[in-house]
């Protein structure tokens, strides 16, 4: 069994007609991930209502499958806790620092408030506005504090999810020479 097939099996996914889908699921032709070979280059596409967005290209099929899985997970993972987000927004607006800090307690190793740090979701306040940054990616700029904290919280959830994936398949990623940062960026942006 190939490394990519191992990950597909563990994630309960399969490739059928160049489309990644759940083992027992049907393909949602509105939103799906496809892997196509274009002149010996494998292209991972996110397809949405007839439009395609290239997510990754490589000359290695197994790498393409791994990035296809990551793209599939991003498209289908439902990790936003809407109730928690409402509570967080309210807490920020009411200046309930204790509750805001509690929301981020589980993310101490991936979240930074007040200053920039590599490989962390960073929220930098500027007066009554804030920026949320991850490495070279600006997530939100000059947003209200409540919007910035909600964005940071949601991105922390995403980041934690993909870190868990990378840790779970660390050996496969190493065997395929896939940089964890590339996986993180593919999932988050």
Give the residue that is nearest to residue 184 (Cα to Cα), with candidates limited to residues of the stretch 132-149 that are under 19 Å from the mean Cα position of the chain (by Cα) and buried (at least 18 other Cβ atoms within 10 Å of the Cβ). 134
So which residues in the stretch 114-144 are in contact with a strand residue (DSSP E or B) (Cβ under 6 Å, 6 or more places away or on another chain) and free of Cβ contacts under 8 Å to residues at least 12 places away in the same chain? 124, 140, 141
Please specify each residue of the stretch 146-181 satisfying the condition of being assigned to a helix (DSSP H, G or I) and farther than 30 Å from residue 129 by Cα. 164, 165, 166, 167, 168, 170, 171, 172, 173, 174, 175, 180
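For residue 139, state whether it is at pLDDT 95 or above, within 30 Å of residue 32 (Cβ to Cβ) and in the same structural domain as residue 44 (by TED's automatic domain parsing). Give the steps one after another, and end with the answer.
Working: at pLDDT 95 or above: yes; within 30 Å of residue 32 (Cβ to Cβ): yes; in the same structural domain as residue 44 (by TED's automatic domain parsing): no.
No, not satisfied.
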If we keep just the residues of the stretch 48-70 that are under 17 Å from the mean Cα position of the chain (by Cα) and closer than 15 Å to residue 18 by Cβ, which is surrounded by the most Cβ atoms within 10 Å (Cβ to Cβ)? 68
Taking the stretch 16-47 and keeping only residues that are surrounded by 15 or more Cβ atoms within 10 Å (Cβ to Cβ) and in contact with a helix residue (DSSP H, G or I) (Cβ under 7 Å, 6 or more places away or on another chain), one is left with 20, 33, 35, 42, 44, 46
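From the list 56, 61, which residue is over 16 Å from residue 184 (Cβ atoms) and either touching a strand residue (DSSP E or B) at 6+ places or on another chain (Cβ under 8 Å) or at pLDDT below 95 (or both)?
Values: 56 fails: over 16 Å from residue 184 (Cβ atoms).
Step by step, each of 56, 61 is checked, and only 61 is over 16 Å from residue 184 (Cβ atoms) and either touching a strand residue (DSSP E or B) at 6+ places or on another chain (Cβ under 8 Å) or at pLDDT below 95 (or both).
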State yes or no: is residue 78 in contact with a strand residue (DSSP E or B) (Cβ under 7 Å, 6 or more places away or on another chain), loosely packed, with under 15 Cβ neighbours inside 10 Å and more than 21 Å from residue 179 (Cβ to Cβ)? no
Would the stretch 88-107 turn up any residue that is over 30 Å from residue 178 (Cα atoms) and either in contact (Cβ under 8 Å) with a residue 60 or more places away in the chain or under 17 Å from the mean Cα position of the chain (by Cα) (or both)? yes
Kindly evaluate residue 126 against the criterion of being exposed (fewer than 13 other Cβ atoms within 10 Å of the Cβ), over 21 Å from residue 7 (Cα atoms) and at pLDDT below 95. yes
Would you mind telling me which numbered condition in (1) farther than 23 Å from residue 168 by Cα; (2) touching a strand residue (DSSP E or B) at 6+ places or on another chain (Cβ under 8 Å) residue 39 fails? (2)
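The values are calculated or read from the model by the stated rules, or taken from the named source; none is laboratory data. Owing to the predicted nature of the structure, the values given are computational and were not obtained by experimental measurement. Backbone-built Cβ (ideal geometry, glycine too); neighbour counts: all protein chains shown.
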